[in-house]
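Undergrad: Would you mind keeping the following structure in view while I ask a few things?
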Amino acid sequence: MLIVIVSVAVIDQATKILMLRLLSNGHIIYVIGDWFRFRLLFNPGAAFSIGSGSTWLFTCFQIAFLLGVIIYSRKVEDRWSALGLALIGGGALGNLIDRLFREPAFFLGHVVDFISIGNFAVFNIADSAITVGVVLFIAAMFIAERRQSRLVNSGGEGEK
């Protein structure tokens, strides 16, 4: 899980560094017409810039969640749950790095967003990893619950 967490954060930061160089001065790169483009934004809040005045709070949430994933990782037995949590943790770490080390100040930094699709929010690789991780983790929970239900119903309660 640690390898996935660190890999996601490294890829996220590398793409942000690249986009900061390519998209300086408000430049927009159109990939698929006006529907898919790279456009640089600095986000002080959460998704859709919600809570832009509470950057410090999001920094605390990301630290707490990342520590929680690392601590809980020892108890995860299912590989899909582990992958989901690792993707979420890696995304949290990627955005946490921005919040700690980017302008305007330590712990209050704005997250670099650059992926723009249609009229949807502008986001980054870390945000994508978090979204995919949440979907994987929820799916893994449903599958594990269904598997456990089958075992109980078939009389194999103690089996794995």
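Undergrad: I'm checking my understanding of the structure. Among residues of region 134-160 that are among the small types (Gly, Ala, Ser) and open to solvent by less than 70 Å² (accessible area, probe 1.4 Å), which one is modelled with the lowest pLDDT?
TA: The extreme case among them is Gly156.
Undergrad: Is it true that some residue in region 80-90 is open to solvent by less than 50 Å² (accessible area, probe 1.4 Å), under 13 Å from the mean Cα position of the chain (by Cα) and within 30 Å of Tyr30 (Cβ to Cβ)?
TA: There is at least one residue in region 80-90 that is open to solvent by less than 50 Å² (accessible area, probe 1.4 Å), under 13 Å from the mean Cα position of the chain (by Cα) and within 30 Å of Tyr30 (Cβ to Cβ).
Undergrad: If I ask for residues that are touching a helix residue (DSSP H, G or I) at 6+ places or on another chain (Cβ under 9 Å), of a type in the set (Phe, Trp, Tyr) and open to solvent by less than 50 Å² (accessible area, probe 1.4 Å), which ones from region 22-56 would you list?
TA: Hit for region 22-56 is Phe38, nothing else.
Undergrad: When Ser116 is evaluated against the numbered criteria (1) within 22 Å of Leu93 (Cβ to Cβ); (2) open to solvent by less than 20 Å² (accessible area, probe 1.4 Å), which criterion, by number, is the only one it fails?
TA: (1)
Undergrad: Test of understanding: among Arg102, Arg79, Arg37, Arg21, which residue is of a type outside the set (Val, Ile, Thr) and in contact with a His (Cβ under 8 Å, 6 or more places away or on another chain)?
TA: Arg102
Undergrad: Out of the residues in region 123-133 meeting the condition of being surrounded by 19 or more Cβ atoms within 10 Å (Cβ to Cβ) and hydrophobic (A, V, I, L, M, F, W, C), tell me which one is farthest from the chain's Cα centre (by Cα).
TA: Among residues in region 123-133 that are surrounded by 19 or more Cβ atoms within 10 Å (Cβ to Cβ) and hydrophobic (A, V, I, L, M, F, W, C), the one farthest from the chain's Cα centre (by Cα) is Phe123.
Undergrad: Something else now. State all residues of region 125-146 that are under 15 Å from Asn43 (Cα atoms) and in contact with a helix residue (DSSP H, G or I) (Cβ under 6 Å, 6 or more places away or on another chain); if no residue qualifies, say none.
TA: Ile125, Ala126
Undergrad: Could you check Ser81 against (1) among the polar types (S, T, N, Q); (2) farther than 30 Å from Ile32 by Cβ; (3) free of Cβ contacts under 8 Å to residues at least 40 places away in the same chain and say which number it fails?
TA: Only one criterion is unmet by Ser81, namely (3).
Undergrad: Taking the conditions exactly as written (out of contact with any helix residue (DSSP H, G or I) (no Cβ under 6 Å at 6 or more places or on another chain), open to solvent by 70 Å² or more (accessible area, probe 1.4 Å) and either under 30 Å from Phe36 (Cα atoms) or charged (D, E, K, R) (or both)), does Arg102 satisfy them or not?
TA: Considered against the rule, which asks whether it is out of contact with any helix residue (DSSP H, G or I) (no Cβ under 6 Å at 6 or more places or on another chain), open to solvent by 70 Å² or more (accessible area, probe 1.4 Å) and either under 30 Å from Phe36 (Cα atoms) or charged (D, E, K, R) (or both), Arg102 comes out as no.
The values are calculated or read from the model by the stated rules, or taken from the named source; none is laboratory data. Keep in mind it's a predicted model, so treat the numbers as computed, not measured. Note: ideal-geometry Cβ built from the backbone for every residue, glycine included; neighbour counts use all protein chains shown. For accessibility, only protein heavy atoms count, side chains too; no ligands or nucleic acids. Shrake-Rupley method; radii C 1.70, N 1.55, O 1.52, S 1.80 Å.
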